[in-house]
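Notes to accompany the following structure.
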Amino acid sequence: MAMEAVAVVAATIAATAIAAVAAGKEEKERKKKREKRGKKRRRLLRLATAAGREEGEEEMQGRKKRLWLRWWQMQLEEKRMRGRRAGEEEEATAAAVAAAAAEKKEREDEERMGLGYGCGCSWPSG
């Protein structure tokens with residue numbers, strides 16, 4: 001009976017040891033799987049972040065281009081307005097010169113006609 005008890009105790013210890021080894025192996029496998037999952041998740045996160053960064057850079061480049069184009073269009077519009085103002089000033093100057101020339105010619109004609117009364121005689125009418 002003592003031998004049987006020793007055998008039972010030895011079997012129990014062996015079974016416990018085998019169970020502990022098996023549990024240790026299972027724990028190692030779970031740990032490996034967890035690490036692998038973590039690595040995959042970190043890798044995917046890193047790739048997504050890199051893609052987001054690239055997307056952000058593309059967006060930034062697009063924004064810079066839009067701002068530059070808007071600035072360029074404003075410069076062109078300003079240049080056109082300056083040209084238009086210069087053209088208007090030239091037209092106004094030409095109109096003023098023409099008006100002055102017409103007024104001078106009219107005065108000369110009036111002086112030739114006789115003091116500006118328009119009767120055609122050389123004597124002043126009065």
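Net charge around residue 20, counting only other residues with Cβ within less than 11 Å of its Cβ (Lys, Arg = +1; Asp, Glu = -1)? Don't jump to the answer; show the numbers that get you there.
Values: positive: 25; negative: 26, 27.
Overall, the nearby charge balance is -1.
Sum up the lysine pairs in the chain that clear both bars: alpha-carbon distance under 23 Å and a spacing of 8 or more or different chains.
Counting lysine pairs in the chain gives 12.
Within the stretch 55-69, what residues put their amide N at less than 12 Å from the label point 7 Å along the Cα-to-Cβ vector of residue 75?
It comes to 68-69, nothing else.
Add +1 for every Lys or Arg and -1 for every Asp or Glu among the other residues with Cβ under 14 Å from the Cβ of residue 104, and state the total.
Computed value for this residue: -3.
Dividing the Cα convex hull volume of the stretch 31-73 by residue count, how many Å³ per residue is that? Write out the running numbers ahead of the final one.
Values: hull volume 1.1 nm³, N = 43.
Taking the convex hull of the Cα positions in the stretch 31-73, it is 25 Å³ per residue.
Give me the extension gain from residue 20 to residue 85: residue separation times 0.36 nm, minus the current Cα-Cα distance, reported in nm with one decimal.
Length difference between fully extended and current span is 13.9 nm.
Once R0 is set to 30 Å, what does the formula 1/(1 + (r/R0)^6) return for the Cβ-Cβ distance between residue 4 and residue 33, expressed as a FRET efficiency to the nearest 0.05?
Efficiency at R0 = 30 Å is approximately 0.10.
Note down the net charge around residue 85, summing +1 for each Lys or Arg and -1 for each Asp or Glu among other residues with Cβ under 13 Å from its Cβ.
-2
Bear in mind these aren't lab numbers, they're just calculated from the coordinates by the rules spelled out. Predicted, not measured: the structure shown is a model, and the values here were computed from it. Every residue, glycine among them, receives a Cβ derived from its backbone with ideal geometry; neighbour counts consider all protein chains shown.
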